[in-house]
Amino acid sequence: MGFFAVAQTASNPWRLTVATSAIDIYSENQLPSSGINNFDNAEYNDLFDLVNSFQAALYLSPSYSVEATATFNNLLASSSNGADSHFTFDAGILLSLRGIKKYRSKLKKLDPAIKAGLSYSDMENSYITPYAGLSLTYWMYDNFGITAQTVNKYYSDDLIKSTPPGLSYYQYSLGLSFGLGDGDTDADGVKDSVDACIDVPGLPALDGCPDDDNDGIRNSDDACPLVAGLAAFNGCPDSDGDGVMDSEDDCPKIAGVIALNGCPDADADGIKDSDDLCPNAAGSKALNGCPDADGDNVADKDDKCPAVAGPASNDGCPENPLSDLSNLTVSFDVAKSAISDENTTVLSKVLAILNSNASASIILSGHTDNSGAEKFNKKLSMQRAAEVKSYLVENGIDASRLETVGQGELSPKASNNTSEGRALNRRVEFSVD
């Protein structure tokens with residue numbers, strides 16, 4: 001048996017085989033004097049000559065190889081007491097079934113092949129015959145196997161004539177095959193011994209493995225092998241450079257923040273701009289990203305009183321705004337500071353406003369008409385302011401929120417020349433501190 005191309009690859013283009021070989025002559029052209037006339041008279045060669053066949057083969061493709069074999073046989077004829085040494089040389093091609101893809105996985109370590117070529121023999125005389133045969137190799141390792149083969153070398157005067165005629169015979173062999181060389185199976189310029197992807201063309205920089213998207217990451221390690229990406233993302237792209245790979249980025253074309261799956265947040269309020277009704281002003285999630293300066297749960301953009309808390313039902317303005325105080329006045333009788341029953345309605349409104357604006361402080365300004373002495377009027381105006389303060393404190397308002405002043409007759413609201421005007425001037429007014 002020889003070295004057979006069926007087990008060869010581009011990584012091991014050369015194969016050498018050493019074998020033991022035997023022949024079985026069946027030719028009817030053999031001369032009677034030789035004592036070897038037909039198959040029944042033939043003898044096998046001496047099998048104790050264990051190494052008598054040497055073969056070399058060169059890989060051409062997954063299906064084809066060329067081979068050359070030299071064999072030395074000692075033949076014992078029935079009419080002879082001694083052995084005659086004979087030499088044959090074969091040259092031909094091998095056709096491997098492993099070259100057919102549909103058989104490759106099924107054959108596993110077996111390499112069946114057919115072979116054919118021309119053989120030179122020196123039995124009785126020198127002549128050339130065609131040969132054809134079968135071989136079967138079991139590859140124990142990538143570059144070591146056991147091979148058995150049989151070849152039929154048929155001499156015919158119709159094909160090749162020699163004088164005297166040549167012999168026809170079977171030749172059998174069994175031997176060991178060895179792979180030699182370091183090829184390049186995928187023809188990518190990277191030797192198979194260092195090629196991490198031996199069957200697929202690749203790049204030297206990636207140990208012979210392919211990189212279809214040219215991002216420097218071999219396909220087998222690339223989670224996005226058809227789109228150039230970054231090593232940090234296993235070869236997947238991050239188009240906007242925000243640290244979030246496109247496949248996980250809700251806004252892959254616009255740089256954003258990781259916490260928002262790659263979407264932008266211009267005002268840094270934790271709400272992505274696409275969901276933020278106020279993307280340029282930090283706000284709360286409850287108000288869809290809009291601010292609420294007065295904390296009344298009405299967004300400033302919708303709040304008619306953004307600096308003062310108020311219910312949404314009143315557009316964010318307080319139901320009892322401080323501004324209403326300017327419309328309220330407590331009236332008094334001539335030369336009196338006591339609060340009449342008719343003023344309780346006004347004071348109730350004042351209490352409501354102060355309770356609705358708990359942080360507000362106000363000024364209570366007492367006034368008189370000019371019907372008395374100026375000094376008396378000054379004192380009276382202070383008493384009137386003090387009476388109103390006492391009433392408010394008694395009804396739950398903190399005294400520290402209330403400041404009293406007496407204006408006397410110096411700030412009339414109306415003319416003191418009429419009784420109606422003087423009635424309007426006897427008063428306590430409210431203003432915001």
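A short reminder: the numbers here are calculations on the coordinates, not readings from a lab. Only a predicted model underlies this, so the values are computations on that prediction, with no experimental measurement involved. No Cβ is skipped: glycine too gets one built from the backbone with ideal geometry, and neighbour counts run over all protein chains shown.
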(message) If I model a spin label as a point 7 Å beyond the Cα along the Cα-Cβ vector, how far apart are those points for D24 and D212 in nm?
(response) 5.4 nm
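Find out how many positive minus negative residues lie around T368, taking Lys and Arg as positive, Asp and Glu as negative, among other residues whose Cβ is under 10 Å from that of T368. Before the final figure, lay out the partial values.
Details: positive: K378, K379, R384, R422, R426, R427; negative: D369, E374, E409.
Cβ neighbours under 10 Å give a net charge of +3.
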(request) Enter the angle in degrees (range 0 to 90, nearest 10) between the Cα long axis of helix 344-356 and the first principal axis of the Cα atoms of the chain, meaning the one along which they spread out most. (result) 20 degrees
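Using the count of nearby Cβ atoms within 10 Å as a rough guide to exposure, how do Y155, Y141 rank from fewest to most? Before the final figure, lay out the partial values.
Numbers: Y155 23, Y141 9.
With the fewest neighbours first, Y155, Y141 line up as Y141, Y155.
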(request) Starting from the Cα-Cα distance between Y103 and A231, subtract it from 0.36 nm times their residue separation and give me the gain in nm to one decimal. (result) 42.2 nm
(message) Within a 10 angstrom radius of the beta carbon, how do H367, H86 rank from fewest other beta carbons to most?
(response) H86, H367
(request) Please give the contour-minus-distance gain from E420 to E403: 0.36 nm per residue of separation, less the Cα-Cα distance, rounded to one decimal in nm. (result) 3.3 nm
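Under the rule a/c < 1.5 gives rounded, and otherwise a/b versus b/c splits prolate from oblate, where does the stretch 265-317 land using the Cα gyration tensor? Mind dumping the intermediate values first?
Values: a/c = 2.79, a/b = 2.44, b/c = 1.14.
It comes out prolate by the Cα gyration axes.
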(message) Against the 2.2 N^0.38 Å scaling, with N counting residues, where does the stretch 292-380 land? I'd like the Cα-based Rg ratio to two decimal places.
(response) 1.47
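At 0.36 nm per residue, minus the direct Cα-Cα distance, what do S126 and F87 gain on full extension? Give it in nm, one decimal, please. Walk me through the intermediate numbers first.
Details: separation 39, 0.36 × 39 = 14.04 nm, distance 0.97 nm.
Stretched fully, the S126-F87 segment lengthens by 13.1 nm.
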(request) Can you check what the net charge comes to around T344, using other residues whose Cβ is under 14 Å from the Cβ of T344 (Lys, Arg +1; Asp, Glu -1)? (result) -3
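For the stretch 171-280, what mean projected area does the convex hull of the alpha carbons give, in nm²? Walk me through the numbers before you get to the answer.
Numbers: hull surface 41.6 nm².
So the Cα hull casts an average projection of 10.4 nm².
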(request) Could you tally the net charge around A281, taking each other residue with its Cβ under 10 Å from the Cβ of A281, Lys/Arg +1 and Asp/Glu -1? (result) -3
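For the stretch 351-433, what does the alpha-carbon gyration tensor say about shape, rounded, prolate or oblate, given a ≥ b ≥ c as the root eigenvalues, a/c under 1.5 as rounded, and a/b over b/c as prolate?
On the way: a/c = 2.73, a/b = 2.09, b/c = 1.30.
Prolate is the answer for the stretch 351-433, as a/c is 1.5 or above and a/b outweighs b/c.
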(message) At 222 nm, what value in deg cm²/dmol follows for the chain if DSSP H runs of at least 4 each add -39500 (n - 2.57) and the sum is divided by all its residues, to the nearest 500?
(response) -3500 deg cm²/dmol
(request) Calculate how steeply helix 374-394 sits against the longest principal axis of the alpha-carbon atoms of the chain, using the helix alpha-carbon long axis, and give the answer as 0 to 90 degrees to the nearest 10. (result) 40 degrees
(request) Provide, for q = 0.06, 0.07, 0.10, 0.14 Å⁻¹, the log10 of I(q)/I(0) from a solvent-free Debye sum over equal Cα point scatterers in the chain. (result) -0.57, -0.65, -0.86, -1.15
